[in-house]
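Each reported figure results from applying straightforward, stated rules to the coordinates on display, with no laboratory input. Keep in mind that this is a model prediction, so the values were computed, not measured.
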Amino acid sequence: MPRSTIPMTMTPESSHIASYGYDAASQTMVLAFQSSAGQKEYEYPDTPPAKFAELDAAESKGRWWRANRANFPNFRIMQDDPAPVDTEGGAAD
């Protein structure tokens, strides 16, 4: 599965989010979620730096995500195809 090219920070203390990252130039946040099937990465374009800073500072990344995911309706699911899938109007979890 292709991975995001954005550098990631591992979150071994989280049972929900495996890792996360941010590209300031494109204002894209990436989250890798834990599941029984493994990890799945989602890229969230148009993420303001202040929102990413909130996630980065949060004691619980999963709790922050559950409280804020409605603010991120647009995302790309990173998958085996050469191009990610663009999705609007839904939130990954």
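Here the Karplus curve 6.51 cos²θ - 1.76 cosθ + 1.60, taken at θ = phi - 60°, turns the phi angles of region 6-23 into couplings of 7, x, 10, 9, 6, 10, x, 7, 9, 8, 10, 10, 6, 6, 8, x, 8, 10 Hz, with x standing for Gly and Pro. Scan around ILE17 for amide H atoms under 5 Å from its own, H built in the peptide plane at 1.01 Å from N, and keep only partners 5 or more places away or cross-chain. Counting only residues 5 or more places away or on other chains, the set is GLN34, GLY62.
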